[in-house]
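The values are calculated or read from the model by the stated rules, or taken from the named source; none is laboratory data. Treat the numbers as computed from the prediction; the structure is a model and nothing was measured. Every residue, glycine as well, gets a Cβ built from its backbone with ideal geometry; the counts of neighbours run over all protein chains shown. Quick note on the areas: whole protein, heavy atoms, side chains included, nothing else; ligands and nucleic acids left out. Shrake-Rupley method; radii C 1.70, N 1.55, O 1.52, S 1.80 Å.
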Amino acid sequence: MTSTGSSNPPATAATGPLSELLVVDLSRAVAGPHATMMLGDLGARVIKVEAPGTGDDARGWGPPFMTVEGHEHESTYFLSVNRNKESICLNLKDAADIEVLETLVRRADVLVENFRTGVMDRLGLGAARLHELNPRLVILSITGFGHDGPEGGRPGYDQIAQGESGLMSVTGPNPEDPQKLGTPICDLLSGMYGAYGVLAALHERAHTGRGQHVRTSLLAAAVGVHAFQGTRWTVAGEVGRAAGNHHPAIAPYGLFRCADGSVQIAVGTEAQWRKFCAGFGLDPTFPGLASNPERVARRDELIALVEKAFSTWNAADLLDRLNEVGVPAGKVRSLDEVYTWDQTRSQGLLVDVDHDSLGKITLPGPPLRFFEPSGTERTRTGHRAPPRLDQHGRTIRSWINDRPDLQATATGER
């Protein structure tokens, strides 16, 4: 992917496969910021444009807040989706600030926004205007329910989207007690799909020289991960319902009680079923349990049978035994256990950064790693802390003023 030539100043230089790209981030809350954080993790320079005074909505989402004497408090919610960015405050209803934004757009590779449908047009920043400023610009727009259709203008929040998309109907202990996931999964998935779409558009731009407008929504992202629950309806005509901690199509596959707690097992093949039975003295050909469809049909009996076999085992010994016989298994970890687990740290899933007001803090890290053909790892290790509000405003404005060529209208020849 070829950059438009953003010529980042040395202070913002970063490594990574997107290190030559400039992203203008007009988004707030979670969905858009998650997409731009993914691009920033990969080395892109991300300039986050925030409203003066208040900034991103997520800056006020708490508790918990982290407060250091002499500085405003920092929302841990905001910290979760804004690493590797710079912050500048611009009033999008002020002509002078719009001029600053347009200057950035002229040199940007990507612009991300998650306003409600029509807002960008009312601000004079619709796709046509943005592409007039910069024909090579890739625009990502994320909405709640899509930009068109009978409900295209609805505001979108994750809780609402989890319900409207059907995810809550297949989550929870039973069909009468729908549950949301413990993370804002629709927001996060739309950000992931958005970043994925941006990269595809940038790849195409390398051949055509033109940018384009990528759209996704919380609804689209959630429906996009229905997986077998989707085809269960579209092909088989069955409506999936919440089934607690057991898989609706594979058995035994789920959470099972033992003497001092519980363990999870995933018996996904008939070979694993035979190994499981051999390891715990069960008959794999027992009538009604010999095949996966039979076991699914008699799930309650199967659960009782498995839990009886586990009843004399403590969880630690049981996990060792399951590993010994070759059955995938695991425990249910709390988040503090996850972040103190050596395996988590070994995968680069924790990063230490120096925050301008909080000092050294640890953040959940990016989930991708990169390796040379020789096997040498080249994953980015140095990350920027999430910015304070307008932390880089003066630097960005100075950079613009020091670069007269940034004031010129884009022609596509850079």
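Taking the DSSP beta bridges in the chain as the whole, what percent of them are antiparallel, to the nearest 5? So the antiparallel bridges in the chain amount to around 45 percent. Note on region 70-110 and region 277-300: Cα centroid distance 58 Å, given to the nearest whole angstrom.
Under the definition of Cα pairs under 8 Å and six or more residues apart, what whole-number percent is the relative contact order of region 347-395?
Values: 55 pairs, mean separation 17.2, N = 49.
Dividing the mean separation by the residue count of region 347-395 yields 35 percent.
Ligands, DNA and RNA aside, M38 has an accessible area near 60 Å² when probed at 1.4 Å. With all protein chains kept in place, the per residue accessible area of the chain amounts to 50 square angstrom at a probe of 1.4 angstrom. Along the chain, counting only GluC sites (Glu not before Pro) with a DSSP assignment other than H, G, I, E or B and at most 10 other Cβ atoms inside a 10 Å radius, the longest segment between sites is 177-412.
Only lysine pairs 8 or more places apart or on separate chains count here, and in the chain those with Cα atoms under 26 Å apart total 9. Solvent exposure of T269, expressed as accessible area, is near 70 Å², computed with a probe of 1.4 Å over the protein chains only.
Surface composition of the chain: carbon and sulfur atoms hold 53% of the protein heavy-atom accessible area at a 1.4 Å probe. Backbone phi angles across region 341-351, fed through the Karplus curve with coefficients 6.51, -1.76 and 1.60 (θ = phi - 60°), yield HN-Hα couplings of 7, 4, 5, 4, 4, 5, 8, x, 8, 9, 10 Hz in residue order; Gly and Pro are listed as x. Among I142, I185, the order of accessible area from largest down is I185, I142, computed with a 1.4 Å probe on protein heavy atoms. Counted as membrane-span-like here are DSSP H helices of the chain whose alpha-carbon atoms extend 30 Å or more along the helix's own axis and whose Kyte-Doolittle mean is 0.0 or above; these are 185-208.
A helix-only calculation puts the chain at -9500 deg cm²/dmol for mean residue ellipticity at 222 nm, using -39500 (n - 2.57) for each DSSP H run of at least four residues, averaged over all residues. Full extension of the chain between S346 and V325 yields a length gain of 4.9 nm, computed as 0.36 nm times the residue separation minus the alpha carbon distance. Once backbone amide H atoms are built at 1.01 Å from N, V351 has L363, G365 as its partners under 5 Å, excluding neighbours fewer than 5 places away on the same chain.
Annotation note: trypsin sites (Lys or Arg not before Pro) in region 93-201 located in DSSP loop regions with a Cβ neighbour count of at most 15 within 10 Å are K93, R116. The string of couplings for region 19-28 from the Karplus curve (6.51, -1.76, 1.60, θ = phi - 60°) is 5, 9, 9, 10, 10, 9, 10, 9, 8, 8 Hz, one whole number per residue in order, with x for Gly and Pro. Counting only heavy atoms of the protein chains and using a 1.4 Å probe, I400 has close to 10 Å² of accessible surface. Over the chain, what is the relative contact order in percent, taking alpha-carbon pairs closer than 8 angstrom and at least six residues apart? The value is 17 percent.
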